[in-house]
Amino acid sequence: MTIDAPPTFAPLHTETEAHPPSAVVRLCGEMDLSTVGILRAAVSRLDPGRLREVRLDLTQLSFCDASGLAELVAVHQALGRERRACSLHGVRPNILRLMHITGLDRALRPAPL
């Protein structure tokens, strides 16, 4: 008899590197309704006077639901209102497909993995 292991859950965490005038925020794990605040908190800690460009590295983001997509849009818009650039890089095919289906790929212009 085989017993399946429960699905693994990789909570979201971020890693930030600042090299003025830009910063890289790496998203690692899974982003859903319970974890979107982690991205918001990481971006809010970036000094707007020194860090004018924010690069979101999604290479290690394994899952993103609708609330995660909404948070990526909210962060992108908030940075734009502050006249700061925001770009998405290393987007995995499964997340890129969601962005394409929802039309967010046109607004966010993600760079695929």
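The values are calculated or read from the model by the stated rules, or taken from the named source; none is laboratory data. Computed from a prediction, not measured in an experiment: that's the story for all the values here. All Cβ positions, glycine included, derive from the backbone under ideal geometry; neighbour counts span all protein chains shown.
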Fill in the blank from the handout: Listed by first then second residue, the pairs whose first member lies in segment 47-63 and is under 16 Å from ASN94 (Cβ atoms), whose partner is modelled with pLDDT under 95 and among the small types (Gly, Ala, Ser), with beta carbons under 7 Å and at least 6 positions apart or on separate chains, are SER62/ALA10
Practice task
Pairs only if they're at least six apart or on different chains, beta carbon under 8 angstrom, first in segment 25-42 and touching a residue at least 40 places away in the same chain (Cβ under 8 Å), second buried (at least 21 other Cβ atoms within 10 Å of the Cβ) and not acidic (Asp, Glu); list them, first residue then second.
Solution key: MET31/LEU12; MET31/LEU39; MET31/LEU61; MET31/CYS64; MET31/GLY68
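Matching residues to (1) modelled with pLDDT under 95; (2) at negative phi; (3) touching a Phe, Trp or Tyr at 6+ places or on another chain (Cβ under 8 Å):
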| residue | (1), (2), (3) |
| --- | --- |
| ASP4 | yes, yes, no |
| MET31 | no, yes, yes |
| LEU39 | no, yes, no |
| PRO48 | yes, yes, no |
| LEU61 | no, yes, no |
| ALA70 | no, yes, no |
Practice task
Any residue in segment 82-93 that's closer than 15 Å to ALA23 by Cβ: show its pairings with residues that are surrounded by fewer than 18 Cβ atoms within 10 Å (Cβ to Cβ) and among the hydroxyl-bearing types (Ser, Thr, Tyr) at Cβ separation under 8 Å, as long as the two are six or more apart or on different chains.
Solution key: HIS89/THR59
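Being of a type in the set (A, V, I, L, M) and surrounded by fewer than 18 Cβ atoms within 10 Å (Cβ to Cβ) is the filter here; which residues of segment 51-94 pass it?
As a first pass, look at segment 51-94 and keep what is of a type in the set (A, V, I, L, M): 51, 54, 56, 58, 61, 66, 69-70, 72-75, 78-79, 85, 88, 91.
Passing the criteria: ALA66, ALA70, VAL73, ALA74, ALA78, ALA85.
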